[in-house]
Each structure stands twice: as structure tokens, then as C-alpha cells.
Amino acid sequence: MRDKVTEWLNRAQADLTTVELLQTFKEYPTAIFAFHCQQVIEKSLKAFLTARKIPFLFRHDLVYLLDLCIRADPTFADLES
């Protein structure tokens with residue numbers, strides 16, 4: 001289980017590194033920037049759920065993933081907009 005959590009976090013870190021790298025350019029494609037930001041959040045939420053042994057569907061739905069996280073830890077509700 002720990003290996004899966006680490007794998008999700010490593011993937012999230014790779015996307016975060018991409019976001020940081022894109023910011024060093026004077027101009028960069030904002031759609032690609034936004035995509036990688038979304039991926040950081042998605043993979044981080046999946047790491048949390050995996051660590052808590054909470055099953056989830058493999059879809060790219062932040063609202064769905066956040067809802068599962070809130071059920072496990074109500075402090076995640078602070079992230080809702």
C-alpha cells in the first residue's frame with residue numbers, strides 16, 4: 001500500500017515540477033499550466049485516499065475525489081470553493 005501512495009506522490013511531484021518549470025518562462029501555454037496544476041491536486045487526493053485505504057474510481061473528477069476525502073477527514077471541506 002505504501003508503494004502506491006509513494007507512486008501517487010511522485011507523480012504529483014513530477015507535475016508540480018513541470019508547473020514550476022513553466023513559470024520560469026516569460027510566456028507559457030496557460031492550458032498546459034492549468035492541466036498540470038489539476039494533475040497535482042488529483043494525484044495528491046488519490047494518494048490520501050490510497051493511504052486511508054479508501055477505494056475510488058479512476059476518473060479525473062476533483063469534486064468526486066474531494067468529496068471522498070471530506071468523508072474521511074472533514075478538514076478537507078476547507079478546500080471547497
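Summary of computed values
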read-out: Set of lysines with alpha-carbon distance to Lys4 below 28 Å, sequence-local pairs under 8 removed; value: Lys43, Lys46, Lys53
read-out: Heavy-atom surface of region 10-54, accessible at 1.4 Å and reported per residue (Å²); value: 64
read-out: Those chymotrypsin sites (Phe, Trp or Tyr not before Pro) in the chain that DSSP places in a loop and that have at most 10 other beta carbons within 10 Å; value: Phe25, Phe58
read-out: Under the span-like rule (Cα at least 18 Å along the axis, Kyte-Doolittle mean at least 0.0), DSSP H helices of the chain; value: 30-51
read-out: Low-density loop cleavage sites - GluC sites (Glu not before Pro) in the chain, where at most 13 other Cβ are within 10 Å (DSSP); value: Glu27, Glu80
read-out: Accessible heavy-atom area order of His36, His60, highest first, probe of 1.4 Å; value: His60, His36
read-out: Taking only Cα atoms of the chain, radius of gyration then Dmax in Å; value: 13.7, 42
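The values are calculated or read from the model by the stated rules, or taken from the named source; none is laboratory data. Fair warning: this is a prediction, and the values are worked out from it, not measured in the lab. Methodologically, a virtual Cβ is constructed for each residue, glycine included, from the backbone with ideal geometry; neighbour enumeration extends over all protein chains shown. SASA here: full protein model, heavy atoms, side chains in, ligands and nucleic acids out. Shrake-Rupley method; radii C 1.70, N 1.55, O 1.52, S 1.80 Å.
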